[in-house]
1. Summing +1 for each Lys or Arg and -1 for each Asp or Glu, what net charge is found among the other residues whose Cβ lies under 11 Å from the Cβ of Ser118?
2. Give the calculated FRET efficiency between Thr35 and Glu96 to the nearest 0.05, with a Förster radius of 45 Å applied to their Cβ-Cβ distance.
3. So between Lys138 and Leu6, what do we pick up on full extension, going 0.36 nm a residue minus the alpha carbon distance?
4. Taking all protein chains together and a probe of 1.4 Å, list Ser135, Ser24, Ser118 from the most accessible to the least accessible.
5. Multiply the residue gap between Thr111 and Ala27 by 0.36 nm, knock off their C-alpha separation, and tell me the result in nm, one decimal place.
6. Just by accessible area at a 1.4 angstrom probe, what is the order of Ser83, Ser134 from largest to smallest?
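The values are calculated or read from the model by the stated rules, or taken from the named source; none is laboratory data. Note that this is a predicted model, so its numbers are computed, not measured. Note that each Cβ is placed from the backbone with ideal geometry, even for glycine, and that neighbours are counted across all protein chains shown. To get the accessible areas, we keep the full protein, side chains included, count just its heavy atoms, and leave off ligands, DNA and RNA. Shrake-Rupley method; radii C 1.70, N 1.55, O 1.52, S 1.80 Å.
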Amino acid sequence: MFVRQLIGREAGNIINMPYDAAQSCLAMGTVEAVTDEEIAAAGLEAPEPVVANRPDELPRGFRVEAIPGGGYDLFDPGGVNISKDVELPNMIAARELAWSVIHPVDATPDTAALEALSNAELYELCERAGIEISSRAKKADLIAALIAAGIITPPPVVALEGDEGSEEGQGGEGESQTSEPGENDAPADASGESDGQAE
């Protein structure tokens, strides 16, 4: 698949990448798609026939270079070093990194919101979601059950909404007290008179 490399020593050039690698690089933003007219204007020939990658080899287009201090640098088909922040002590690690670029794994879900809840709150979420779980389940089991059910971020809790409502209600009462100064002033004047009478 022809794409235009955006970074690295091939930046600005149209290069031919394996389809899977090109799709991954497009997703990462290191290349951009090109039209048939741009390919023809660059004088490039038809792409080579697709050859299946073997899992025990580096994917087509990727290459490694040995580092003087030991280990390897891994370069994608566009010549970009994609192992700057990763140590690759051997070819197995380099191959795994290359395959992870072609077939990215889904990110681990962020469970911070669930971990911040107590066991009782997690049980309540499980009940509301219709998840059957033992009453002896540990916190990790409760979180795992919620993640399996697709609940990563806990929904708003009714109690919390009630608390907000009560705060608003309290604010409303405060507003009613402040919004009706006449009524408040009357008892204050009366108490002032009584204080005056007491004096």
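1. On the way: positive: Lys139; negative: Glu115, Glu121, Glu124.
For residues surrounding Ser118, the net value is -2.
2. On the way: r = 35 Å, r/R0 = 0.77.
Calculated value: 0.85.
3. Details: separation 132, 0.36 × 132 = 47.52 nm, distance 4.90 nm.
Extending this stretch completely gives an extra 42.6 nm.
4. On the way: Ser135 100, Ser24 15, Ser118 55 Å².
Listed by decreasing accessible area, they come as Ser135, Ser118, Ser24.
5. Roughly 27.7 nm would be gained on extension.
6. Ser134, Ser83
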